[in-house]
Amino acid sequence: MKTPSSSQPAAEVANPSNPESVRLVGLAPLFDARARLLVLGSFPGAASLQAAQYYAHPRNAFWPIMAVLLGEAGLAASPYTERLQALRRHRVALWDAVAACRREGSLDAAIEAAEPSDLRELVTRLPDLRAIACNGALAHRQTLLALGPVELPVLKLPSTSPAHAGLSLADKTATWRAELAPYLA
């Protein structure tokens, strides 16, 4: 699975005297050409950018949900490289719909000057892709804007972010399972 370069900066400061000029750069896509499902978040939170790992916030439900969906007990507690290997085994790719932006904190609502990821280019590199799953409303909106009309299903799933507290972990897991089961089989 291709992984982000350790030399890729998480933030670039255009003007150090003006903190609002900080432009955050997301993580590289994690995929191999055999992926059948592409999961897109909106943009990595502060914990993920700092760790250079997708869904690094300990209260984000992404890894616990994926553990259930993939039948990989203990996945959420496994080292990051093992989590990525599990995704690869199950032909799941990860990326974000926003490649770079300005944002204070980690909330999607705080994203400004969003630059879309080149989703069209990634999709062309995934010949077995059967569906795109969007982790939250912003990821879904940004994906539709970036891709335009596509032949693939583009699914809108409840956000796994701890900020999205309207649904319990069990409800989020049930929704993700119902939507993604046909593409994980």
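The values are calculated or read from the model by the stated rules, or taken from the named source; none is laboratory data. Small disclaimer: the values here were computed from a predicted structure and weren't measured. Heads up, the Cβs are rebuilt from the backbone with ideal geometry, glycines too, and the neighbour counts pull from every protein chain shown.
Quick check: anything in the range 62-69 among the β-branched types (Val, Ile, Thr), surrounded by fewer than 20 Cβ atoms within 10 Å (Cβ to Cβ) and either at positive phi or not in a loop (DSSP other than H, G, I, E, B) (or both)? Checked against the condition, which is being among the β-branched types (Val, Ile, Thr), surrounded by fewer than 20 Cβ atoms within 10 Å (Cβ to Cβ) and either at positive phi or not in a loop (DSSP other than H, G, I, E, B) (or both), the range 62-69 yields at least one hit. Flag: PRO153 does not match the condition of being farther than 30 Å from PRO58 by Cβ, out of contact with any strand residue (DSSP E or B) (no Cβ under 9 Å at 6 or more places or on another chain) and surrounded by fewer than 21 Cβ atoms within 10 Å (Cβ to Cβ).
From GLU115, GLU82, grab the single residue that is outside any loop (DSSP other than H, G, I, E, B), touching a Lys or Arg at 6+ places or on another chain (Cβ under 9 Å) and under 19 Å from ALA28 (Cα atoms). Break it down into steps so the answer makes sense when it comes.
On the way: GLU82 fails: touching a Lys or Arg at 6+ places or on another chain (Cβ under 9 Å).
Among GLU115, GLU82, only GLU115 is outside any loop (DSSP other than H, G, I, E, B), touching a Lys or Arg at 6+ places or on another chain (Cβ under 9 Å) and under 19 Å from ALA28 (Cα atoms).
Within the range 128-146, the only residue that satisfies the criterion of being over 16 Å from the mean Cα position of the chain (by Cα) and part of a helix (DSSP H, G or I) is LEU145.
Could you list all residues from the range 102-140 that are over 17 Å from LEU38 (Cβ atoms) and either acidic (Asp, Glu) or modelled with pLDDT of 90 or more (or both)?
Step one: filter the range 102-140 for residues over 17 Å from LEU38 (Cβ atoms), giving 102-115, 137.
Selection gives GLU104, ASP108, GLU112, GLU115, ALA137.
Quick check on ALA35: is it assigned to a loop (DSSP other than H, G, I, E, B), at negative phi and modelled with pLDDT under 95?
Working: assigned to a loop (DSSP other than H, G, I, E, B): yes; at negative phi: yes; modelled with pLDDT under 95: no.
Judged against the criteria, ALA35 is not a match.
When each of ALA93, ALA110 is tested for being hydrophobic (A, V, I, L, M, F, W, C) and out of contact with any helix residue (DSSP H, G or I) (no Cβ under 9 Å at 6 or more places or on another chain), the lone residue that passes is ALA110. Tell me, yes or no, whether the range 100-108 has at least one residue that is closer than 19 Å to LEU157 by Cα, not in a loop (DSSP other than H, G, I, E, B) and not aromatic (Phe, Trp, Tyr). Among the residues of the range 100-108, at least one is closer than 19 Å to LEU157 by Cα, not in a loop (DSSP other than H, G, I, E, B) and not aromatic (Phe, Trp, Tyr), which makes the answer yes.
Picking from residues in the range 10-32 that are surrounded by fewer than 21 Cβ atoms within 10 Å (Cβ to Cβ) and part of a loop (DSSP other than H, G, I, E, B), the one that is modelled with the lowest pLDDT is ASN15. Within the range 46-61, being surrounded by fewer than 23 Cβ atoms within 10 Å (Cβ to Cβ) and either in a helix (DSSP H, G or I) or touching a Ser or Thr at 6+ places or on another chain (Cβ under 6 Å) (or both) holds for ALA46, ALA47, SER48, LEU49, GLN50, ALA51, ALA56.
For residues that are part of a helix (DSSP H, G or I) and touching a residue at least 60 places away in the same chain (Cβ under 8 Å), scanning just the range 85-99, find the one that is nearest to ALA33 (Cα to Cα). Only one residue tops the list, namely ARG88.
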